[in-house]
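The values are calculated or read from the model by the stated rules, or taken from the named source; none is laboratory data. This is a predicted model, so every value here is computed, not measured. Reconstructed Cβ throughout: ideal geometry from the backbone, glycine too, with neighbour counts over all protein chains shown.
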Amino acid sequence: MVIGPAMHAIGAACVFAGVSVAPLYFVKRADGQWRGLFEEDSLESRDVLPHYDLLYITAREYRYLPEEFARIRRALAEVVPNDWSPHQMWHVAIATKPKGVEVTYFALQRYQEIYNRVGAARNR
């Protein structure tokens, strides 16, 4: 898989795993230009792109744990069907609620909580 789609898939797997979207901060274009994330897909453009800054900051400030990367790996290797495109993964993340949960996988309050914790830690 080409690096762009691979990182897009890893980002969706981060959402499924309930952690910050790591590729937003850790993956850069070699030419330094804007990556155009979430713009070409209408659902992603509507529901994810407006929250890019929040997602970027939480990815930058979040302290990932090894077990979280294990969940991301499991999502990619065992949970997500192999024939899903990165866009299909994001569509499911945006629109689907896990069993017994009232919010979708892409629960903005999760990222807002991370952002608030980061801000509180900085103000100490």
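Just give me the residues in region 36-48 being closer than 18 Å to Met7 by Cβ and surrounded by 15 or more Cβ atoms within 10 Å (Cβ to Cβ), in sequence order. Once the filter is applied, which keeps residues that are closer than 18 Å to Met7 by Cβ and surrounded by 15 or more Cβ atoms within 10 Å (Cβ to Cβ), region 36-48 yields Leu37, Phe38, Asp41, Glu44, Val48. Filtered by the rule that a residue be aliphatic (A, V, I, L, M) and either touching a Ser or Thr at 6+ places or on another chain (Cβ under 6 Å) or at pLDDT 95 or above (or both), region 59-69 gives a lone residue, Ala59.
Listed by first and then second residue, the pairs with beta-carbon distance under 6 Å, at least 6 apart or on different chains, first residue in region 58-79 and on the phi < 0 side of the Ramachandran plot and of a type in the set (D, E, K, R), second at pLDDT 95 or above and surrounded by 13 or more Cβ atoms within 10 Å (Cβ to Cβ), form an empty list. Consider only pairs whose beta carbons are under 9 Å apart and that are at least six residues apart or on different chains; among these, list those whose first residue lies in region 9-37 and is farther than 23 Å from Pro81 by Cβ and in contact (Cβ under 8 Å) with a residue 40 or more places away in the chain and whose second residue is part of a loop (DSSP other than H, G, I, E, B) and of a type in the set (Phe, Trp, Tyr). Matching pairs, first to second residue: Ser20/Tyr62; Ser20/Tyr64. Restricting region 86-103 to residues that are among the small types (Gly, Ala, Ser) and under 15 Å from the mean Cα position of the chain (by Cα) leaves a set whose member that is surrounded by the most Cβ atoms within 10 Å (Cβ to Cβ) is Ala93. For the criterion of being closer than 29 Å to Ala120 by Cα and hydroxyl-bearing (Ser, Thr, Tyr), Ser42 fails. Tell me which residues, restricted to region 94-124, are in a helix (DSSP H, G or I), closer than 19 Å to Asp53 by Cβ and in contact (Cβ under 8 Å) with a residue 40 or more places away in the chain. Residues satisfying the conditions are Ile94, Leu108, Arg110, Tyr111, Gln112, Ile114, Tyr115, Val118.
Taking region 43-72 as the range and being assigned to a helix (DSSP H, G or I) and within 14 Å of Gly18 (Cβ to Cβ) as the test, the residues that pass are Leu55, Thr58, Ala59, Glu67, Glu68, Phe69, Ala70, Arg71, Ile72. A count restricted to region 1-42 and to residues that are in a helix (DSSP H, G or I), over 19 Å from Leu65 (Cα atoms) and either in contact with a Lys or Arg (Cβ under 7 Å, 6 or more places away or on another chain) or not aliphatic (A, V, I, L, M) (or both) stands at 4.
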